[in-house]
Amino acid sequence: MMERRDFIKKSILAGTATAMSATSYAKIIGANDRVRVGVVGFSDRHRASHVGPFKELSKKMNFEMTAVSDIWNRRRDEGKAFLDKQLGGNVKTFRNNEEMYDAKVVDAVFLSTADFQHALHTVEAVKAGCDVYAEKPLAETMADNRAVLKAVKASGKIVQIGSQRRSGENYWAADEFIKSGKFGPIVMVELMWNVNQPGRWRRPELTKDLKESDVDWVRYQLNRPKAAFDPRKYLEYRLFWPYSSGIAGQWMSHQIDTVHWFSGLPHPRSAVANGGIYQWKDGRTNADTLTVVFDYGPLNDPTTGFQVQFTSRFSNSAGETKELYYSNGGMINLDTNEISSTGGLREREAAAMGLKANLVAPFKLEGIKVATDANTGGDPLTFNHIKNWMECVRSRKQPNAPIEAGYQHSIATIMANAAYRTGQRVTFDEKTQEVLAGGKPFMY
């Protein structure tokens with residue numbers, strides 16, 4: 001088996017080409033057993049981004065799509081028709097996950113349901129004996145986050161969190177550069193994700209058609225407070241808490257994950273936030289503009305660390321996406337894939353103060369820009385990420401984004417959401433594993 005970095009590099013350069021041959025897979029124990037894969041929630045994300053890579057890889061890797069579970073009758077029918085056409089099989093449909101798992105027709109699942117459902121649907125899947133590719137955010141409350149971590153660790157199943165940056169060659173190169181010590185200690189991280197799309201997360205045509213009789217609304221709500229049927233909270237859930245934290249869970253979770261990865265820190269020490277619904281007065285309860293400021297550093301040493309600022313707005317796309325890491329010696333720009341001495345302390349200035357300057361030698365990171373549009377389709381990072389999961393289902397090695405990565409990004413997104421909703425400085429209690437606002441665990 002090739003090293004993970006080499007695999008990522010070869011996958012990116014080859015695009016949709018398969019880096020490992022059928023012969024190499026045959027050498028892995030269990031490779032002759034077909035892996036039966038189910039779909040938990042036939043979503044636009046699954047249709048646009050999961051199916052293409054799976055189609056490209058499934059034959060050589062001996063995977064087969066066998067089932068689709070969706071509590072909305074329309075999606076069940078659409079899912080079967082689409083998957084049968086794309087993959088040439090005969091996918092079975094199920095009204096819910098319990099029926100699918102009871103039928104014993106799947107060994108692994110793609111999971112792309114509503115944000116608040118990811119954790120509990122992952123718990124269901126691993127308890128049913130399935131490996132999981134779970135979209136992010138993993139969890140929107142710490143109770144769900146703790147439950148999914150415990151269930152996955154106890155199960156021994158392979159779970160890949162859909163944080164596809166972890167399968168990007170440029171991100172691996174940046175991580176290696178930081179950990180080598182050549183960059184120096186991180187002193188600041190600036191993250192940005194701006195769009196100007198009135199229709200982002202809105203589904204007005206579908207909400208007009210959706211009737212309560214078409215879906216299992218009770219099952220949809222899982223452990224959230226029971227509420228009357230609302231087609232917008234089903235189809236436009238990203239706009240409404242407690243079904244989604246919106247910007248924090250959908251977007252910040254991607255970028256904050258790299259902070260944990262590069263720094264080796266499991267979560268922020270504190271968070272403050274500000275924002276609001278400034279532009280789109282359409283009944284949503286999640287912010288259309290948000291800024292979060294985190295303090296990161298060793299949990300046992302408050303005298304050292306760095307700040308992370310995340311900002312996002314839906315009202316103007318200027319600036320688009322940015323991921324900028326700063327040290328005293330320079331900058332890593334993951335938007336342009338450049339490492340440079342920009343902003344770094346000059347050697348002469350340092351010498352005058354009796355200091356040693358950490359000079360960052362400029363160079364270009366190999367890799368591609370992350371796709372951030374509404375429909376990413378089969379972008380190379382997602383292709384690599386799905387391939388890595390399928391490979392790990394075979395090898396039983398840990399994937400690029402294991403359950404711990406999801407647990408950690410969820411702590412940060414929950415802290416951001418808690419800070420925005422309470423207006424308080426939020427912290428994390430290591431002993432209880434709770435996000436605290438005003439000294440009390442944050443829930444809804």
Legend entry - Cα centroid separation - region 246-312 against region 163-239, whole Å: 14
Legend entry - Whichever lysines have a C-alpha closer than 22 Å to that of Lys92, once near sequence neighbours (fewer than 8 apart) are set aside: Lys55, Lys59, Lys80, Lys104, Lys127
Legend entry - Cα Rg over Rh - region 237-287, Kirkwood: 1.06
Legend entry - Modelled label reach - Leu206, point 7 Å along Cα→Cβ, region 71-90 residues with backbone N closer than 18 Å: 71-83
Inset, instruction - Compute the length gained on full extension between Thr342 and Ser317: take 0.36 nm times their separation in residues and subtract their Cα-Cα distance, giving the result in nm to one decimal. - result: 6.5 nm
Inset, instruction - Calculate, in nm to one decimal, what Gln433 and Glu98 gain on full extension: separation in residues at 0.36 nm each, minus their alpha carbon distance. - result: 117.6 nm
Inset, instruction - Over the chain, give the accessible area per residue in Å² for a 1.4 Å probe, as an integer. - result: 41
Inset, instruction - Return the percentage of antiparallel bridges among DSSP beta bridges fully within the chain, rounded to the nearest 5 %. - result: 60
Legend entry - With all protein chains modelled, accessible area of Asp44 [1.4 Å, Å²]: 60
Inset, instruction - Please list the non-local residues whose amide H lies under 5 Å from the amide H of Val132, H modeled 1.01 Å from N, same-chain partners needing a gap of 5 or more. - result: Val109, Ile158, Val159, Gln160
Legend entry - Loop trypsin sites (Lys or Arg not before Pro), region 236-319, which have at most 15 other Cβ atoms in a 10 Å radius of their Cβ (DSSP): Lys281
Legend entry - Per-selection Rg to Rh, region 63-221 - Cα, Kirkwood hydrodynamic radius: 1.04
Legend entry - Cα shape, the chain, gyration tensor, a/c 1.5 rule: oblate
Inset, instruction - Using the Kirkwood radius over Cα pairs, work out the Stokes-Einstein diffusion coefficient for region 152-310 at 10 °C and 1.306 mPa s, in µm²/s as a whole number. - result: 85
Inset, instruction - Determine the calculated [θ] at 222 nm for the chain from helices alone, applying -39500 (n - 2.57) to every DSSP H run no shorter than 4 residues and normalising by the residue count; nearest 500 deg cm²/dmol. - result: -10000 deg cm²/dmol
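The values are calculated or read from the model by the stated rules, or taken from the named source; none is laboratory data. Just so we're clear, the structure is a prediction, and the values are computed from it rather than from any experiment. When we count neighbours, we look across all protein chains shown, and the Cβ atoms used for this are built from the backbone with ideal geometry, even at glycine. Surface accessibility is based on the protein's heavy atoms, side chains included, excluding ligands, DNA and RNA. Shrake-Rupley method; radii C 1.70, N 1.55, O 1.52, S 1.80 Å.
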